[in-house]
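No lab work stands behind these numbers, since they all come straight from the coordinates. Just so you know, these numbers come straight off a predicted model, no measurement behind them. All Cβ positions, glycine included, derive from the backbone under ideal geometry; neighbour counts span all protein chains shown.
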Amino acid sequence: MFSRLLGLKARGLKGIEFVVSDDHAGLVAAIGEVIPEAAWQRC
């Protein structure tokens with residue numbers, strides 16, 4: 001998942017303010033690393 005998020009940012013993804021996902025530890029960690037400016041909420 002980490003590499004997919006990096007790929008999105010490399011293609012110009014920006015301005016992310018809020019991310020909703022399940023509580024998968026790897027996904028939550030990847031979001032925190034790649035999109036630290038975004039708030040996160042479990043769905």
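Taking amide H as placed 1.01 Å from N in the peptide plane, the amide H of W40 sits under 5 Å from that of V19, each at least 5 places away or on another chain.
The modelled label-to-label distance between A29 and E17, using points 7 Å beyond Cα along the C-beta direction, is 3.0 nm.
Coupling constants for the stretch 4-19 follow from the phi torsions by the Karplus curve (6.51 cos²θ - 1.76 cosθ + 1.60, θ = phi - 60°), and in residue order they are 5, 5, 4, x, 4, 5, 5, 8, x, 4, 7, x, 6, 10, 8, 10 Hz; glycine and proline get x.
Distance between the modelled labels on A38 and A10, one decimal in nanometres: 1.7 nm (7 Å Cα→Cβ projection). Positive contributions from Lys and Arg (+1) and negative ones from Asp and Glu (-1), summed over other residues with Cβ under 15 Å from the Cβ of A10, come out at +3.
Dipole check for the chain: with +1 at the C-beta of Lys and Arg, -1 at the C-beta of Asp and Glu, and the Cα centre as origin, the magnitude is about 220 Debye.
Sequentially through the stretch 31-38, phi angles give Karplus couplings (6.51, -1.76, 1.60; θ = phi - 60°) of 4, x, 7, 8, 10, x, 6, 8 Hz, Gly and Pro residues having no value and appearing as x.
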